[in-house]
1. Would you check if there is a residue in the stretch B:30-39 being modelled with pLDDT of 95 or more and either within 16 Å of the chain's Cα centre (by Cα) or under 17 Å from B:L147 (Cα atoms) (or both)?
2. Limited to the stretch B:97-116, what total is found for residues that are within 10 Å of another protein chain (Cβ to nearest Cβ) and either open to solvent by 50 Å² or more (accessible area, probe 1.4 Å) or hydroxyl-bearing (S, T, Y) (or both)?
3. Which pairs have Cβ atoms under 8 Å, sit 6 or more apart or on different chains, and link a residue in the stretch B:26-48 that is touching a residue at least 40 places away in the same chain (Cβ under 8 Å) and more than 17 Å from A:G141 (Cα to Cα) to one that is open to solvent by less than 50 Å² (accessible area, probe 1.4 Å) and in a loop (DSSP other than H, G, I, E, B)?
4. Filter the stretch A:117-126 for residues that are among the β-branched types (V, I, T) and away from chain B (no Cβ under 14 Å); which is most open to solvent (accessible area, probe 1.4 Å)?
5. Residues of the stretch B:43-86 being part of a loop (DSSP other than H, G, I, E, B) and buried (at least 22 other Cβ atoms within 10 Å of the Cβ), which ones?
6. Could you tell me whether the stretch A:109-126 includes any residue that is touching a Lys or Arg at 6+ places or on another chain (Cβ under 9 Å) and closer than 30 Å to B:Q26 by Cβ?
7. For residues that are assigned to a helix (DSSP H, G or I) and touching a helix residue (DSSP H, G or I) at 6+ places or on another chain (Cβ under 8 Å), tally how many sit in the stretch B:6-35.
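The values are calculated or read from the model by the stated rules, or taken from the named source; none is laboratory data. In this text, all values refer to a predicted model and were calculated from it rather than measured experimentally. All Cβ positions, even for glycine, are placed from backbone atoms using ideal geometry, and neighbour counts span all protein chains on display. For the accessible areas, the whole protein counts, side chains as well, though only heavy atoms, and no ligand, DNA or RNA atoms are used. Shrake-Rupley method; radii C 1.70, N 1.55, O 1.52, S 1.80 Å.
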Number of protein chains: 2
Amino acid sequence: MNTTGLGTTIVCQIGLIVRDIEKSAQAYSEVFGLPRPDVIITDTVDVAKTTYGGASTTARAKLAFFDMGQVSLELIEPMGEPSTWQEFLDEKGEGVHHIAFRIKGTEQVVAYLEGKGIDVVQQGYYTGGMYTYVDSTSALGVVLELLENFDTTE
Amino acid sequence: MNTTGLGTTIVCQIGLIVRDIEKSAQAYSEVFGLPRPDVIITDTVDVAKTTYGGASTTARAKLAFFDMGQVSLELIEPMGEPSTWQEFLDEKGEGVHHIAFRIKGTEQVVAYLEGKGIDVVQQGYYTGGMYTYVDSTSALGVVLELLENFDTTE
């Protein structure tokens, strides 16, 4: 177990903000000849406990995933309310929002990144784990996402 | 050999436009604990035969690569003159410019994509191969890059 840094340098996901997820999912499916994935919606704030800029937010997003080898391509359609997803769409339009890494020990990794001047911008839970977006845009040109799946084998 | 489509769905590279490659390479190196890579410069137009929007361009860029598993992260600092790199920096600022796929048969793949309304925006050569950027931003929200290494085993 790596006790400093992210503990990994393996990109596991590319997250792309889109305006219309049905249209984009169809386009990716057609261009790459991949099956069109189901569109899911992030959990409501009572379940996801979503925070943005340190405050609770009811923001949700529609998601669809394509398997592109080691990397999954995540399409994200923000559904309004303040979030890093909506902020990106409003400021930059469609495009790659984040690259994600599968980590263990969110708290330690967040502390490590804060020590580098990279702070948490949004956090939330999904079934089996939690995600953390850190605002690394000024340092790295892109948001990083930390994905931690909880160990359920104990 | 796949005769339709891209022939692959495996992302091999994430290309990120930056303003100052030395600063960004240092930041990635520090955050991920990866060795700081050498910065290289794309070939001059007489060697690279670079075209942008169908016309020859003297545009060059500084590049640096980080190994992140299946995917390499490519930092790109445009050095001026018209190019898809410079256009992205001027319009969007720093951020992910493209995702790349290793293909065979650039001509056929380009024809396939043109059939989907996705046209070539920039092409050029590097030692051992060629690259093609296609303007898939309106369809897919991001530029695709086709990387073809020439077979030298015959």
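1. Yes, that holds for at least one residue.
2. Step one: of the stretch B:97-116, the residues within 10 Å of another protein chain (Cβ to nearest Cβ) are B:97-99, B:101, B:112-113, B:116.
Filter once more, so that each one left must be either open to solvent by 50 Å² or more (accessible area, probe 1.4 Å) or hydroxyl-bearing (S, T, Y) (or both): B:112, B:116.
Of the residues in that region, 2 qualify.
3. B:T42/B:T50; B:A48/B:T42
4. Start the filter on the stretch A:117-126 by keeping residues that are among the β-branched types (V, I, T), which leaves A:118, A:120-121.
Subsequent filtering for residues that are away from chain B (no Cβ under 14 Å) retains A:120-121.
Numbers: A:V120: 50, A:V121: 25 Å².
Top of the filtered list is A:V120.
5. Within the stretch B:43-86, B:T50, B:A59, B:S83 meet the criteria.
6. Applying the first criterion (touching a Lys or Arg at 6+ places or on another chain (Cβ under 9 Å)) to the stretch A:109-126 yields A:123-125.
From what's left, closer than 30 Å to B:Q26 by Cβ: A:123.
Yes.
7. Of all residues in the stretch B:6-35, those assigned to a helix (DSSP H, G or I) come to B:21-32.
Retained after the next criterion (residues that are touching a helix residue (DSSP H, G or I) at 6+ places or on another chain (Cβ under 8 Å)): B:24, B:27-28, B:31.
Total meeting the criteria: 4.
For every residue, the table says whether it meets (1) modelled with pLDDT under 95; (2) more than 13 Å from chain B (Cβ to nearest Cβ); (3) over 30 Å from B:L34 (Cα atoms).
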{"site": "A:V11", "(1), (2), (3)": "no, no, no"}
{"site": "A:G15", "(1), (2), (3)": "no, no, no"}
{"site": "A:R19", "(1), (2), (3)": "no, no, yes"}
{"site": "A:I41", "(1), (2), (3)": "no, yes, yes"}
